[in-house]
Amino acid sequence: MDDSLTLRRLLTLGPGDKDPWIGVRCGLGVFLPLAVLLGLGRLDLAIFAIFGAFTGIFGRVPGHRDRLRSQASAGVLFVVLIGAAWAVNVLLVDHDSPAGGWVIVGLTTLVAWACSLATGFAQLRPAGSLFHIFCFAAIASIPEIPGLGMVLVTAIATVTSCVLLGQLGRVSAGRRTPWNVGGLRPQSPAVQLAIKVESIGYLVAAGLAGTVALLVAPVLGTGHPYWAMVAAVVPLVGHTTRHRIARGLHRVLGTLTGLGVMALIILAEPSPWMIILFLGLAQFGAEMLITRNYFWAQVCVTPLALVGISLVAGMSTQLLYDRILETVIGSVIGVAVALAGSALRRRLPFAAPVG
């Protein structure tokens, strides 16, 4: 019996990851670039390092050559997204006008669709476009953005460091894997159709969530509609309808708990060195928990995301308020889209989701 929606599933950990070093690699992938930026006095570039460090998340691949392919592909995609988001920010977004928010939501919706297709056909894991939505929309929303040259240098250097960290195991003969590659698995027409159909789910969920978040923003006093878009695509990943609903619920509950951690951080007023150390530890915790318990992973992810944004915008309780309300909006819409997608999937010539 699927116990995804039980209290027991919310609080217990699943089996451990076969590669526990993924957490160490991801934690260092965030900490090391930020430490360099802090030493250089350029924490204004921190957000670009954080998004470049998402490359480490795509290193959950056993063989070193396959891991290299996966992380290199993911890294190139993030660098392209960061550059595109910079261009949108500078050329298209009026940060003093409500129209700017609609531009960001509209283009981020297209990113949600396109990156879902890209990760699906490139067979990247984690599947979907959650990280790409966050990356593109957050950068496009920055009121004052550094020059493109330093942005790309920061992103490329961070991506490169994450790829190198993914290959560190080759230094040890006991951990070194044969330098061969399994290659991409052939995808049947049914799987290709599934990828295309699921990309429409990302388009619809992200677009609806961003639209609703923008429409209610004047009433609720919120200002980060892309957090609703990120939350909306969470329930789209899962092998059963109950699992997808549970992911949406765990996202809300984990976010609420994580906000308590963030509130303590704000009260503590930590130094910049303590902040970047926390970011590294939170990324480590998130990667160690993400396959074992989505709720506990979100307890790490929520302050990780908020502290990362705070390095640019400054810490405030407004971030906590925005995060929970927009997460609830996005999760409700995401679950609704997931339920509609499950009903549609039963009528199509394939049975299982690709994520």
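The values are calculated or read from the model by the stated rules, or taken from the named source; none is laboratory data. All values derive from a computational prediction rather than experimental measurement. Here the Cβ is made from the backbone with ideal geometry for all residues, glycine too, and neighbour counts use every protein chain on show. Quick note on the areas: whole protein, heavy atoms, side chains included, nothing else; ligands and nucleic acids left out. Shrake-Rupley method; radii C 1.70, N 1.55, O 1.52, S 1.80 Å.
Taking each residue as 0.36 nm, the span from GLU144 to TYR321 lengthens on full extension beyond its C-alpha to C-alpha distance by 61.5 nm. In the chain, the sites counted are trypsin sites (Lys or Arg not before Pro) in DSSP loop states with at most 15 other Cβ atoms within 10 Å, and the longest stretch holding none of them, exclusive of the sites, is 43-174.
Answer with one residue from ILE276, LEU208, SER172: the one whose Cα lies farthest towards the positive end of the charge dipole of the stretch 170-290, charges on Cβ with Lys, Arg +1 and Asp, Glu -1. The residue sitting most towards the positive pole is SER172. When peptides 326-332, 212-218 are ranked by their average number of other Cβ atoms within 10 Å per residue, the highest-first order is 326-332, 212-218.
Here the scattering of the stretch 60-100 is modelled by Debye summation over its C-alpha atoms, one equal scatterer each and no solvent; at q = 0.15, 0.25, 0.26, 0.28 Å⁻¹ the log10 of I(q)/I(0) is -0.52, -0.79, -0.82, -0.87. Relative to the Cα centre, the charge distribution of the chain, modelled as +1 at Lys and Arg Cβ and -1 at Asp and Glu Cβ, gives a dipole magnitude of about 1480 debye. Surface analysis of the stretch 54-200 yields an accessible area of 45 Å² per residue, using protein heavy atoms and a 1.4 Å probe. Shape verdict for the stretch 20-111, please, from the Cα gyration tensor: rounded (a/c under 1.5), prolate (a/b greater than b/c) or oblate. Note, shape of the stretch 20-111 comes out oblate. About the centre of its Cα atoms, the stretch 215-338 shows a dipole size close to 440 debye [charges on the beta carbon of Lys, Arg (+1) and Asp, Glu (-1) only; nearest 20 debye].
Computed from backbone phi with θ = phi - 60° and the Karplus coefficients 6.51, -1.76 and 1.60, the 3J(HN,Hα) list for the stretch 264-271 is 5, 5, 4, 5, 6, 6, x, 6 Hz; x is used for glycine and proline.
The Stokes-Einstein estimate for the stretch 208-255, based on a Kirkwood radius over Cα pairs and taken at 25 °C with 0.890 mPa s viscosity, is a diffusion coefficient of 214 µm²/s. Please work out whether the chain counts as rounded, prolate or oblate from its C-alpha gyration tensor, where a ≥ b ≥ c are the square roots of the eigenvalues and a/c under 1.5 means rounded, while otherwise a/b larger than b/c means prolate and anything else oblate? Here the chain falls in the rounded category.
Judged by the gyration tensor of its Cα atoms, with axes a ≥ b ≥ c, the stretch 105-230 is oblate; a/c meets the 1.5 cut and b/c is at least as large as a/b.
Solvent-accessible area of the stretch 222-268 (1.4 angstrom probe, protein heavy atoms only): carbon and sulfur portion equals 75 percent.
Here the Debye sum runs over all C-alpha atoms of the stretch 157-200 as equal scatterers in vacuum, and log10 of I(q)/I(0) at q = 0.13, 0.26, 0.28, 0.30 Å⁻¹ comes out as -0.59, -0.88, -0.96, -1.03.
Between the residues GLY27, SER161, THR12, the greatest Cα displacement towards the positive end of the dipole of the chain, with unit charges on the Cβ of Lys, Arg, Asp and Glu, is found for THR12.
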